[in-house]
Amino acid sequence: MDEKSNKLLLALVMFFLFAVIVLQYVCPGTECQLLRLKAFSSPVPDPYRSEDESSSRFVPRYNFSRGDLLRKVDFDIKGDDLIVFLHIQKTGGTTFGRHLVRNIQLEQPCECRVGQKKCTCHRPGKRETWLFSRFSTGWSCGLHADWTELTSCVPAVVDGKRDARLRPSRCVFCG
């Protein structure tokens with residue numbers, strides 16, 4: 001009897017280990033739908049669920065106030081202001097940079113030709129650019145230039161493209 005109970009115990013342990021391995025294979029994440037038994041568990045609302053009840057992969061790390069998100073920036077496209085787009089890798093900067101040259105509704109929108117990566121973004125009535133980004137001026141300050149490189153490079157590039165007295169008096173950096 002003692003040998004029979006040892007065999008039974010060994011069989012149960014092996015079955016349990018097999019079940020754990022199969023469960024890890026079927027449900028590799030931390031949340032497994034197979035383990036959710038609605039009758040036995042109370043539903044806990046997911047704070048990161050979107051309004052349409054689909055699971056959200058993005059978990060917000062910063063909680064900006066409504067005032068921060070709706071703040072107004074005084075930018076004069078017809079004046080001498082210049083937007084310098086600071087591209088930060090792996091943050092959606094390429095998508096946002098393309099959006100700046102292709103989708104913004106302006107009095108004079110950027111002209112993008114098929115097959116070209118750069119677009120011309122001139123001020124209304126002038127042959128000067130209002131946007132300094134990889135999609136308007138190219139990588140003028142080098143590939144993925146950081147804040148320090150841009151602050152020293154942009155004035156020199158702008159001076160080289162037009163007369164120093166027409167250089168913008170103020171740059172609006174965003175990224």
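Tabulated values for the structure
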| quantity | calculated |
| --- | --- |
| Candidate set from the stretch 72-98 (those that are within 22 Å of the chain's Cα centre (by Cα) and over 20 Å from C141 (Cβ atoms)); member that is surrounded by the fewest Cβ atoms within 10 Å (Cβ to Cβ) | K72 |
| Close pairs from the stretch 90-111: first in contact (Cβ under 8 Å) with a residue 40 or more places away in the chain, partner surrounded by 12 or more Cβ atoms within 10 Å (Cβ to Cβ) and not in a loop (DSSP other than H, G, I, E, B), Cβ under 9 Å, at least 6 apart | G93/F85 |
| Subset of the stretch 99-117 [open to solvent by 90 Å² or more (accessible area, probe 1.4 Å) and modelled with pLDDT of 90 or more] | E111 |
| Considering residues of the stretch 118-146 that are basic (K, R) and surrounded by 17 or more Cβ atoms within 10 Å (Cβ to Cβ) only, the residue nearest to Q105 (Cα to Cα) | R123 |
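The values are calculated or read from the model by the stated rules, or taken from the named source; none is laboratory data. Remember, predicted model here, so these are calculated numbers, not experimental data. So basically every Cβ, Gly included, is an ideal-geometry build from the backbone, and we count neighbours across all protein chains shown. Side chains included, ligands, DNA and RNA excluded: accessible areas come from the protein's heavy atoms. Shrake-Rupley method; radii C 1.70, N 1.55, O 1.52, S 1.80 Å.
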